[in-house]
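S.K.: Can you read through this structure? Questions will come right after.
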Amino acid sequence: MNFGELNLVKEKGPRHFHLGASALLAALFCAFLGVPQSSARSIDPTLKHSVVHAAQLRALPPLRIDVAASAKVSLSVKTEFSSIKREAIALKAAKAAFARARLRRISLDYARPTSNYRLTARFGERSRLWGGNIHTGQDFAAPYGTSVRAAEAGTIIFAGWDGGYGRKIVINHGGQVQTWYGHLSSINVRVGQHVKVGQFIGRVGASGNATGAHLHFEVRRYGVPINPVNWLRAVGIWV
Ligand SMILES: [Zn+2]
């Protein structure tokens, strides 16, 4: 490469030229590669950096690009890129670990509403059993008499018979969230009682509108039934 071959923009004065952007880049690149500075010495130091005499330009020796050095540059860029990539992967893993730890901590405040179950009728299903209406909870089929436990700490606001729900318990958890437990065979709490998370509150049965022993578990937020499985899984309780 030779400065004499580069495009130069003519300035006001007849003897001065501005170096084009490409020439400037080439000069920087050569400086970066450690090209001997002898060429720079011939430029009048009193002039602005970007302005050189045409005669001086012609006098400059041709600049050569050191291929080995430029290969080194591309190698170091590659190394830099892979180290950035490694850091990004490590950061992603750290974020995931943090999220898991956070969810584990949150999950301590929640519990499965019963045990020894299998999930049967899902939230949102339609069935003749509910008069063609949408199923407002999640059914946990479990042996008759299996313990039913508070999914979250709260206060009992209902404990008694409620039509199709049969024997039902409602726990108010604050923040406009309630959990409902239906078709129970026994109720072991009373209204006004405070219960801890996982506390025994009753037993699985088939009271009310039920064809077999199961717990109808319902979650209501602002009075509206929401998907109980999603609610539990969002707080780290896998059902
Ligand atoms: Zn149900």
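FYI, it's all coordinate maths here, none of it is from the lab. This one's a predicted model, so the numbers in the text were calculated from it and none came from an experiment. Neighbour counts are summed over all protein chains in view; Cβ atoms, including those assigned to glycine, are modelled from backbone coordinates with ideal geometry.
S.K.: How much length would be gained if the chain were fully extended between Ser186 and Val67, taking 0.36 nm per residue of separation minus their Cα-Cα distance, in nm to one decimal? Mind dumping the intermediate values first?
M.R.: Details: separation 119, 0.36 × 119 = 42.84 nm, distance 8.52 nm.
That works out to 34.3 nm of additional length.
S.K.: Please report, in debye to the nearest 20, how large the charge dipole of region 128-221 is about its Cα centre when each Lys and Arg carries +1 at its beta carbon and each Asp and Glu carries -1 there. Intermediate values should be presented prior to the final figure.
M.R.: Numbers: 9 positive and 4 negative charges, 23 e Å.
Once rounded to the nearest 20, the dipole reads 100 debye.
S.K.: Which of the listed residues, Phe98, Leu232, Asn172, is farthest toward the dipole's positive end in region 89-234, when Lys, Arg count +1 and Asp, Glu count -1 at the beta-carbon?
M.R.: Phe98
S.K.: What nm value, rounded to one decimal, do you get for the distance between Ala206 and Lys92 when each label is placed 7 Å out toward the C-beta?
M.R.: Roughly 5.1 nm, to one decimal.
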